[in-house]
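The values are calculated or read from the model by the stated rules, or taken from the named source; none is laboratory data. Remember, predicted model here, so these are calculated numbers, not experimental data. Cβ sites come from the backbone with ideal geometry, for glycine too, and all protein chains shown count toward neighbours. To get the accessible areas, we keep the full protein, side chains included, count just its heavy atoms, and leave off ligands, DNA and RNA. Shrake-Rupley method; radii C 1.70, N 1.55, O 1.52, S 1.80 Å.
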Amino acid sequence: MIASATRTISGPGELRDFATNLADNLAPEPHEATVVGLVGPLGVGKTALAGELLAAYGVEGPVTSPTYTIETVYWLPNGPFSHAYHLDTYRLDGSNDLEALDFERRLENPENLILIEWADKISDILTGKTLYIDMLFGEAEDERIIKTYYE
């Protein structure tokens, strides 16, 4: 389990290191999907973090924000999860908008890793243990303050 913590990172290399460490420490939940909620202001790096995390699981190529498609699905060749569902809920009015994606069923599958940008918009549907990663801008241009906690 990942400990609740606050840390400061600077630059893409430290973001990659953070994501790799996160990937090394995330383990499938026994009876439900593993959910990572990414929260923070526009442009703080939520998609960049998702991309680095997916790269740590073997996803090749660029990872872009699913802002307009709402969801992108990835096969994860380097387990322990079989699939990742990357969602961007920025444009949603709430969790009811996820019914068309059969989201509740995805939450039930322990082989799924679900990454949700703007997770605070749908927190009412996130049952179980969600690992939240709050990202804030730091003092320097490439500095980010990252807070991890379970809710």
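Using a 7 Å offset from the Cα along the Cα-to-Cβ direction at both Asn25 and Leu136, what is the distance between the two label points in nm, to one decimal?
My value for the distance between the label points is 2.0 nm.
How high is the relative contact order of the chain, in percent, counting Cα pairs under 8 Å that sit 6 or more residues apart?
35 percent
Residues with beta-carbon under 13 Å from that of Pro41, excluding Pro41: net charge, scoring Lys, Arg +1 and Asp, Glu -1?
Result for the neighbourhood of Pro41: -1.
In region 1-78, what GluC sites (Glu not before Pro) fall in a loop by DSSP, with at most 10 other Cβ atoms inside 10 Å?
Qualifying residues, ordered by number: Glu60.
How high is the FRET efficiency between Ser4 and Glu99 when r is their beta carbon distance and R₀ equals 30 Å, given to the nearest 0.05?
Once rounded, the FRET efficiency stands at 0.45.
On a 0 to 90 degree scale, rounded to 10, what angle separates helix 46-56 from the longest Cα axis of the chain?
Rounded to the nearest ten degrees, it is 80.
Can you give the accessible area per residue of the chain, in Å², using a 1.4 Å probe?
Using a 1.4 Å probe on heavy atoms only, each residue of the chain averages 51 Å².
Using a 1.4 Å probe over the heavy atoms of the protein chains, calculate the carbon and sulfur portion of the accessible area of the chain as a whole percent.
Carbon-and-sulfur percentage of accessible area, whole number: 49.
Give me the number: length gained by fully extending Asp17 to Arg91, i.e. 0.36 nm times residue separation minus the C-alpha to C-alpha distance, one decimal in nm.
23.7 nm
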